[in-house]
1. Could you derive backbone 3J(HN,Hα) for the range A:117-125 from the dihedral phi with the Karplus parameters 6.51, -1.76 and 1.60 (θ = phi - 60°), listing whole Hz in sequence and x where the residue is Gly or Pro?
2. Over the alpha-carbon set of the range A:70-122, divide Rg by the Kirkwood Rh and report the Rg/Rh ratio to two decimals.
3. Compute from the Cα atoms of chain B the Rg and the Dmax, the latter being the longest Cα-Cα distance, and quote both in angstrom.
4. Evaluate the relative contact order of chain B (contact order divided by residue number), counting alpha-carbon pairs under 8 angstrom at least 6 apart; express in whole percent.
5. Taking N as the number of residues in the protein assembly as shown, what is its Cα Rg relative to 2.2 N^0.38 Å?
6. How long, wide and thick is the range B:8-84, going by the Cα atoms along their three principal axes, in whole angstroms, largest first?
7. Between the range B:52-81 and the range A:57-126, how many Å separate their Cα centres?
8. Could you give each residue of the range A:9-26 its phi-based ³J(HN,Hα) in whole Hz, using Karplus coefficients 6.51, -1.76, 1.60 with θ = phi - 60°, and x for Gly or Pro?
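No lab work stands behind these numbers, since they all come straight from the coordinates. Here the structure is a predicted model, which means the values were calculated and not measured.
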Protein chains: 2
Amino acid sequence: MTTTEAAEQPLSIGEVAERTGLSVHALRFYEREGLLVGPVRRTSGGRRRYTSFDVDWLLICVKLRESGMPLADLKHFAELVRHGPGNEAERLRLLDAHRQRVDAQIQALEECRSVITWKVGVYAEHLARGEAGGLWDPTA
Amino acid sequence: MTTTEAAEQPLSIGEVAERTGLSVHALRFYEREGLLVGPVRRTSGGRRRYTSFDVDWLLICVKLRESGMPLADLKHFAELVRHGPGNEAERLRLLDAHRQRVDAQIQALEECRSVITWKVGVYAEHLARGEAGGLWDPTA
DNA sequence: CTACGATCTGGAGCGAGGTCTAGATCAAGT
DNA sequence: ACTTGATCTAGACCTCGCTCCAGATCGTAG
């Protein structure tokens, strides 16, 4: 668990793809777009070798993406981290702003959910009554 | 409130845009794509006149879209409604399946939220300690 | 040595969901 | 009648976030 000297056994792009859920295409794409903190190490033959740092970062990226952070913001975040210490306040701001957006999203989804649930109820009731009720159609 | 004979005063596309939050462009696009239950009425001059039924339907569309339902599904739903009574069970299935997806989305977002919150905490703590702590950077 | 699968690069292509433009028409105010 | 602003149609265009292809190379197993 984050030992000072981890037994670093680097992973291939395919292994990282498995571990992160991103496709190998996406991994190369992310790298090209500058979404990674550092350049990925290579073997003498040019194959990518990811460290567990890379993987941890990618796992965070996945969560941020999954919650709707645009690639541009992710890139900005990566740049901040890349430029090292001194800008933690800005990183905090960035993340906190995103968290607020996530909260808003959750709220919105819950509202949608309740509308849908209501509508499901309308249909269920209608079906329970054996299609007999005069269900006003256009909106139902 | 849904009186049998509502005093129908049709709305222009601009007014509907205001009321639904969709752009006039999107409204025309939705119509072309067959996402509306019926064809929109027109004035003699060819301008669209939306009824409150249209608006109600659009408001539901907005909620479904906001919660991530693809236009294709929305179109399918509209077709079911358009074909009148008799397929309520399928409509119910469609909506219920979507509700499940929304639930999954909410769960996923909450998980993201907690990851972000944890990360925000890492930065906040770091800053509170006056930048002095040995913050391991790559992932933080 | 030979195969075969995984990876490499650069760049083209794609699907979703609109957005925007051009040029014409309509409708309301003065 | 004239001006102004909203709408009309058809169709081109755009952003986002990958995905896929071609053609070459690497590296491991037999």
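1. 4, 4, 5, 4, x, 4, 5, 4, 4
2. 1.31
3. 23.0, 74
4. On the way: 81 pairs, mean separation 26.1, N = 140.
RCO, chain B: 19 percent.
5. Cα Rg divided by the expected 2.2 N^0.38 Å: 1.35.
6. If we take the Cα atoms of the range B:8-84, the spans are 34, 26, 21 Å.
7. Taking the Cα centre of the range A:57-126 as reference, the centre of the range B:52-81 is 24 Å away.
8. These are the phi-based 3J(HN,Hα) values: 10, x, 10, 7, 4, x, 5, 5, 4, 4, 6, 9, x, 7, 7, 4, 4, 4 Hz.
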